[in-house]
1. Compare the peptides 84-93, 50-59 by average per-residue count of other Cβ atoms within 10 angstrom and give them in order, highest first.
2. Going highest first, how would you order 118-130, 66-78 by mean Cβ packing within 10 Å?
3. Evaluate the charge dipole of the range 15-78 about its Cα centre and quote only its size in Debye, nearest 20, assuming +1 on the Cβ of each Lys and Arg and -1 on the Cβ of each Asp and Glu.
Amino acid sequence: MSQTKSPPKPSEPVKTDTLTIGVREGDDVDLRSAEVLSGPFATNAMALNRFARGTTGDVSLDKLVEAMTANADRVKKGDMRDVEAILVSQATVLNGLFADLLRRSSINFGGSYFDAGERYLKLAFKAQNQARMTLETLSTVKNPPVIYAKQANIANGPQQVNNGTKLTTRAEVNESRSNKQLEACNEKAMDSGAAESTVAGNSAMATLGISDRAKNARGKGSRR
């Protein structure tokens, strides 16, 4: 009696912990591996796969990296819907954790297990605080704060200008003093009542000036 074999089942995709790293011709394999492992996706995909395996089952690392890369690209383009959804979901989970820990605390307090009740109560308040901080982060993402900065011009040295208020620098003080001294010297030199002083310049030119005056004097006398 012949037996009929059942048709083979369609092959399922293999889920593995191995991460595929694409290498082009001429690339340094070790350097390429280091770039991927030091990047933002590979190690986080490995951590997510290990921690979430009990809930989601085994997921391919390649698919996780692909999904994380797509999420990051959306955020880079300004699409914050994934970030907002994550924060809302986390806040919801933390709020549920707060309620369950509070329930456990109440049960232990009711059974006169005060130490256990106090521990559960502290954990409940921690979960509540984390939920509050998550919602505050969501609010900041939705409505970024506006920062008003005052004008501040910084130059070399201890000088700063804030909204029209100027602090005088040491260099400016020295320059002002030099200008005042120069003005005083100029006023003294231009005084018409001051006696002229002999300038010790080119002696040959001074002698020539005197000789010319003597010749001119003799010339005038002969004409008479």
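1. Ranked by mean Cβ neighbours within 10 Å, highest first: 84-93, 50-59.
2. 118-130, 66-78
3. 420
Laboratory data are not the source of any read-out in this text; all were calculated from the coordinates shown. The structure displayed is predicted, hence computed values, not measured ones. Note that each Cβ is placed from the backbone with ideal geometry, even for glycine, and that neighbours are counted across all protein chains shown.
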